[in-house]
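The values are calculated or read from the model by the stated rules, or taken from the named source; none is laboratory data. Given the structure is predicted, the values throughout are model-derived calculations rather than measurements. Note that we place each Cβ from the backbone using ideal geometry, even for glycine, and neighbour counts take in every protein chain shown. Side chains are part of the model used for accessible areas, which takes the heavy atoms of the whole protein and leaves out ligands, DNA and RNA. Shrake-Rupley method; radii C 1.70, N 1.55, O 1.52, S 1.80 Å.
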Amino acid sequence: MKFFILALFILTYIMIIWVPKRKTLITMISAVICAVSCLIFKKITFREVALSIDYNVVLMLFGIMITVGLFSDSNMPNRLSDKLISKIPNSLFALVLLSVLSGIISAFIDNVATVLMLAPIGLSVAKKIGVSPIPVIISIAVSSNLQGAATLVGDTTSIMLASSKFADMSFFDFFFINGRLSIFWAVEIGAILTIPILIYVFRKDNKKLIYNSENITVSSVVPSVLLLLNIVLLVAVSFIPNKPDLTNGLICVGIGVIGLIYYVIRFKSRAIKTAIDSIDYKTILFLIFLFIIIACVEKCGIINDIGKLFSKVGGKNIFLLYFLIVFGSVLFSAVIDNIPYVATMLPVVATIAVGEMAKYSYLLYFGLLIGATLGGNLTPVGASANVVGIGILQKEGLEVKTSSFLKIGVPFTMVAVFGGALFVWLTWGLI
C-alpha cells in the first residue's frame, strides 16, 4: 500500500511538471485514487480526508482574490505602477524593487496574500515597461516565499514552530532568543544575497526610463483601503493566543464580502462580474486536491519514514545532522507541501535534541524551517505562492514553462539557503 501511494505521488508531480495546464485535473484524479485506496485499506477515515484540507488557506485565497479583484478593477494598480515608474530612473531597478517589496510584506502577512496583492501591480508595471510579466510574477512569488520564515506571522510553518511544545517561541523570539540573533536575520541575509540573482534575471531590461506620468483616474479608493485593512488585521490577530484556526480565512472572506457589497451598491451588476472574474477556481481546486494527496502520503507513514531516515543517517554528528536536515528539507519541500513535512519533522528533531545535543536544539529547528520554507522555491508546485503566481499568469493567457520557473527558482533558492544556513550554523552551531 505504502509503495503504491508513493509511486502515485511521484507520478502525480511528474505529470504536473510535464503537463502544467492540466494540473487541476491531474491532482483531482490522483486525490480520488489516493483517498479511495487509503479508505479501503483503512489508512485514513472520511473525517481525516475532510480535515486534511487547510480551509483557512482556502478561505484566505477566496476572500483576498475578491478584494484584490476589486482593487485591480478600481485602476489603483495602474495608478501605483505609473507613479512607481515615473519616480525610478531605470526599469531594472523598478522590477527588482517590486520583488524586494514582496519579500518585506511577506515577512508579516501570508505569502499567498502577498502575491495576490502585488501581482496586479507587477502585471501593470511589466506592461508599461514593455517586458514579459512571467519573470516579474515569478520573482514576486519566490521573494514572498523566501521571507515567510522571517517572523512568526509570515508563514504557517513559523506558527507551527513557535506554538510547538518543543520550541515555544514568541513573536520577538524570531529576532533575538537566548541572547543570540534568531532566524529573522538568517532569512534577511538570504534575501540580500538573492538581489544579485534578481538583477541578473532582469539584466536585459536595464534601460533608462523616459516616462511621462499619465492622468489615471481611480474609480474608488475603497478597495485599496480594504486591502490595507486586511493586512493590518492579519498582523493584529497574529498576537492573539489560541485563536480559532479559521481566523485569517474569515477575516479575508469578511473583507471581500464588505468590498463586494460596496461594489454592488456603487456599480450594480458590474460588481458580480468583477468578483467572478477575479476568483481563480482552478488554483483553489488544485490546492484542495493537493492537501488530500499529502494527507494520504502522511497517513501511509511515508513522511514519518523520511524523518526517521534523517535521524538514522546523521547519528550524533551535529554538522552532518544540521546540513542533512537543511538540504534534505530543501529537496523534499520542492515536491512535498512543507506544512505536513514540518509537522512530522518537529518531533523528530526534538528526539535528536536531547541530552548533550540539547544545546543545538534551535540550530536544528532553524535549519528545518529554512530548508522546508525556502525549498518550496525550487519547483513551480513547491509552494502555494508559486502555484498562485503561475495561476495568475495563466489567467492572463500566458504559458509558463517549467524551465522558465527553474531558471529563477533554482539559483534564487540555493543562494538564499546557503546564506541563511551558514549564518545559523555560525550563530548556533559553534557553541
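Give, rounded to the nearest 20 debye, the magnitude of the charge dipole that the chain has about its Cα centre when Lys and Arg contribute +1 at Cβ and Asp and Glu contribute -1 at Cβ.
With only Lys, Arg, Asp and Glu charged at Cβ, the dipole is about 700 debye.
Over segment 358-431, average the accessible area per residue using a 1.4 Å probe and give it in Å², no decimals.
Result: 31 Å² of accessible area for each residue.
Mind ranking 350-358, 288-296 by how tightly packed they are, going by the mean number of other C-beta atoms within 10 angstrom, highest first?
By packing density, highest mean first, the sequence is 288-296, 350-358.
Given only helices, namely DSSP H runs of n ≥ 4 each adding -39500 (n - 2.57), what is the per-residue ellipticity at 222 nm of the chain, to the nearest 500 deg cm²/dmol?
Value at 222 nm, helices only, nearest 500: -23500 deg cm²/dmol.
With all protein chains present, how much of the accessible area of segment 283-348 (probe radius 1.4 Å) comes from carbon and sulfur, to the nearest whole percent?
That fraction is 72 percent.
Obtain the nm distance between the two label points defined at V36 and I53 by a simple spin-label model: each point lies 7 Å from its Cα along the Cα-to-C-beta direction.
According to this spin-label approximation, the distance is 1.9 nm.
Over segment 221-334, give the accessible area per residue in Å² for a 1.4 Å probe, as an integer.
That works out to 49 Å² per residue.
On the accessible surface of segment 374-431, probed at 1.4 Å, how many percent belong to carbon and sulfur atoms?
Exposed carbon and sulfur together represent 67 percent of the surface.
Heavy atoms only, 1.4 Å probe, whole protein assembly: order T427, T157 by accessible area, highest first.
The most accessible residue leads, giving T427, T157.
As an exercise, take the mean of 1/r over every pair of distinct alpha carbons in the chain, invert it, and state the Kirkwood radius in angstroms.
Roughly 22.2 Å, rounded to one decimal.
Place the peptides 82-89, 365-372 in order of packing, highest mean first, counting for every residue the other Cβ atoms within 10 Å and averaging per peptide.
Highest-to-lowest ranking by the protection proxy: 365-372, 82-89.
Against the empirical 2.2 N^0.38 Å scaling, what ratio does the C-alpha Rg of segment 1-159 come to?
1.30
Test of understanding: in a Gaussian network model of the chain with alpha carbons linked when under 10 Å, which of T24, T217, T413 would top the mean-square fluctuation ranking?
Of the options given, T217 has the highest mean-square fluctuation.
Share of segment 37-147's accessible area from carbon and sulfur, percent, 1.4 Å?
67
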